């Protein structure tokens, strides 16, 4: 895509997103969750797509951010907005710290062992939260009431999550275009080679997970307040739903690309909402079928398929040096 | 001239199999030294022992006068001792240019600099080196789509991008089209002379190693069998027997 | 006593998982759902008047057929793919099966109580229900039959040959597609039998699968692929450790403990291997 067209598309999408609450007020919350889904897919793809470490446990950072924020809001006694700000910061800090600690151990696991360990991590967090009385155990936590008119809360969090999505997208775009992106791609393609070239793989891997955890932590804090109620297994540490959806959305759109997760999340979220509306009761059966179909028939994803089909469009073409260079052979 | 690499009584066993037994050798700075031996004589194992790929069971490895046998692969690489792989290894899903850009020296990189964009100087250096190995036109292609020989050249270019002081090359001419071998040898010599990179080369192609190296070590059955100048090695009856016996 | 039985049922499921993993290089996440389906088979047979002990072989046979069909429909597509693909695909299957069971059988908790007695020893200090002893014996019997089959029968030998080197086996004229289908079906059958045991000793419900999958996985990681004695020992040990943890930490943390233990085991293996600069692969 030429740069100007890409920029126009981006601006158009942002304008559309800003106008959406007035265009389709009835779907405000659903679209808010679309932003959440896009953040899920984008942050999963940092490790899963760009670095080759398939994590089923990223939802832990989401949940930790959510609980961290809710505890601050409950216990500091501040007004709503200061408490929310502090809570989001604390939630993010907690998530990043956790990622740094866990990462130093878990990121030394390779291949499917990492996937399974993170799967275990996700479930352990959910079970642990359901047992811990300080955060409400199995009955969960309720976040403070939003101080405003009915409907204001939805608008506030709509724009907050939209802003988060945009920031996530641009931060990742910036990171992927620099050394960081190159290094984690190198780790994905051949970690032994990357080590043999002297790359500080552990530093890069841990940083990548921390970036992922940061955005998930902030998002978790916001989502806890949007929903208003935190259930340990179904909202915060929802491994079998959110945790797996992240993976699926990124794969569906094309993992290892910037736009793939955005595209995948959009398609998946709309499909999911349609299931919910038209297949009541059977929506989760349909979900299982969708997972199978994506994995079996679309392992490359939409953008991955397009890149396979038209490599030149993605810049992979033979290109001679314009000036007559001195060939060494 | 003082040796840049000193390997002293290095021993490595896998289970009961002795892959390297009491191997002692040294590589003088700025030279090209060869390592030959029949298949299974422990050449690649010795390379792996030197660059820290596995723990050695005994002996010492010194690079530039400092002990490195306790260090791991990335740290040794950052000190300027780099290796290429027999089964060529490149980053297949990245373009050739990206392969080069990420191969810059990692010595002075800090946590902040990894978040930065690669400077323009890196890019022009990468393009020059790609031109040097003859891959400039393919720089926007995915490295995994190159032929085996081209991947080998790319790996060589990546190693140069890393500005090592010494390069361990594991069979640089294996799998390369015979008509291109002379060009590759020419490049190896230029790298040695112009960039002052010491080369330590495993090679099966006798005519290549005899004309390239100034000094040659020969391994057989995990032990050092012979050493000397190429003409001495060529005349050494033990070396001839080892090769004939192995085939 | 009860721990021992739990361990034996885990060991059965784990052995099936190790079989599929070792032979086909597929990590079967829907392992627990096979146990659940086996349990429902035994339950419905029991409702129809069949004794639960008879339900065990019937569940095994039905699940064998089910596993075979599943292989031919889905699993054959992921055999030669990346392990991550097989994990995701079988995870999808797991959601599908558990939700289908929920829709068709309802979310109620059920049991096939065969009416065995409970024995009391030492003035009621120790109580042992006969059903658990019977089930433990049955679990061991299923394991023994399986081992004999793999060791002695031609098909068993073909399975072991394929596990060692699929390409060589193919060149030697072994129909690896059939071997894979049989292996997968066999695994389903083992889980089915285990499920029937669960139905007659405890309770079954559509969502019981996941713990069995996770525990199977832990046992396999601990014991390695293909070592039957180690699988049994790890299964029994895990059963005991879990009950002990439930006792010490409180029942609400028992599941958390299991999952945390999984992570801990993997980390321990990783740091152990790291000393020799090796990787868990």
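FYI, it's all coordinate maths here, none of it is from the lab. Predicted model, so just to flag it, every value in this text is computed and none were measured. Cβ sites come from the backbone with ideal geometry, for glycine too, and all protein chains shown count toward neighbours.
Across peptide A:278-290, what mean number of C-beta atoms from other chains lies inside 10 Å of a residue's C-beta?
4
Rg/Rh for chain B: what does it come to with C-alpha atoms and Rh from Kirkwood?
Expressed as Rg/Rh, it is 0.97.
Given a Förster distance of 22 Å, report the FRET efficiency between residue C:203 and residue A:234 from their Cβ-Cβ distance, rounded to the nearest 0.05.
My answer for the efficiency is 0.50.
At 0.36 nm per residue, and after removing the present C-alpha to C-alpha distance, how many nm does the segment from residue A:24 to residue A:309 gain when stretched out fully?
Extra length from residue A:24 to residue A:309 when fully extended: 99.0 nm.
Can you give the average number of partner chain beta-carbon atoms within 10 Å of each beta-carbon in peptide C:250-263, as a whole number?
6
Could you check which residue among C:219, C:145, C:204 shows the biggest mean-square fluctuation in a GNM of chain C with a 10 Å Cα cutoff?
Comparing C:219, C:145, C:204 in the GNM, the peak value goes to C:145.
Given labels modelled 7 Å from the Cα in the Cβ direction, how far is it in nm from residue C:44 to residue B:241?
According to this spin-label approximation, the distance is 7.7 nm.
For the stretch B:186-210 and the stretch A:190-223, what is the separation of their C-alpha centers, rounded to whole Å?
38 Å
In the stretch A:44-58, which residues have a backbone nitrogen under 12 Å from the label point lying 7 Å from residue A:101's Cα in the Cα-to-Cβ direction?
Within reach of a label on residue A:101, which here means backbone N under 12 Å from a point 7 Å along Cα→Cβ, the stretch A:44-58 contributes nothing.
Other chains' Cβ within 10 Å of A:296-304 residues: what's the mean?
For this peptide, the per-residue mean of nearby foreign Cβ atoms is 2.
In nm, to one decimal, how far is the residue B:113 label point from the residue B:195 one, both placed 7 Å along Cα→Cβ?
Distance between label points: 1.8 nm.
Using a Förster distance of 22 angstrom, determine the FRET efficiency expected from the C-beta separation of residue A:137 and residue C:104, and round it to 0.05.
Once the sixth-power term is evaluated, E becomes 0.10.
Stretch residue A:278-residue A:192 to full length: gain in nm at 0.36 nm per residue minus the Cα-Cα span?
Difference between extended and current length: 26.1 nm.
Between the stretch C:5-23 and the stretch C:190-269, what is the C-alpha centre distance in whole Å?
Spelled out, the Cα-based centre of one part sits 10 Å from the other.
On a C-alpha basis, how far is the centre of the stretch A:106-133 from the centre of the stretch B:115-142 in Å? Whole number, if you could?
Spelled out, the Cα-based centre of one part sits 41 Å from the other.
Among A:314, A:268, A:159, which one moves the most in a GNM of chain A with springs linking Cα atoms closer than 10 Å?
Of the options given, A:314 has the highest mean-square fluctuation.
For the protein assembly as shown, what is the per residue volume of the convex hull drawn over the alpha-carbon atoms, in cubic angstrom?
196 Å³
Looking at the protein assembly as shown, what % of its DSSP beta bridges pair antiparallel, to the nearest 5?
Percentage antiparallel, nearest 5: 65.
Using the basic label-point model (7 angstrom from Cα toward the beta carbon), what is the residue B:86 to residue A:80 distance in nanometres?
Inter-label distance under the simple model: 6.9 nm.
Applying 1/(1 + (r/R0)^6) with R0 = 30 Å to the Cβ-Cβ distance of residue B:207 and residue B:11, what FRET efficiency is obtained, to the nearest 0.05?
That gives a FRET efficiency of 0.40.
Cut-off 10 angstrom, C-alpha nodes, Gaussian network model of chain C. Which of C:237, C:250, C:209 fluctuates the most?
C:250
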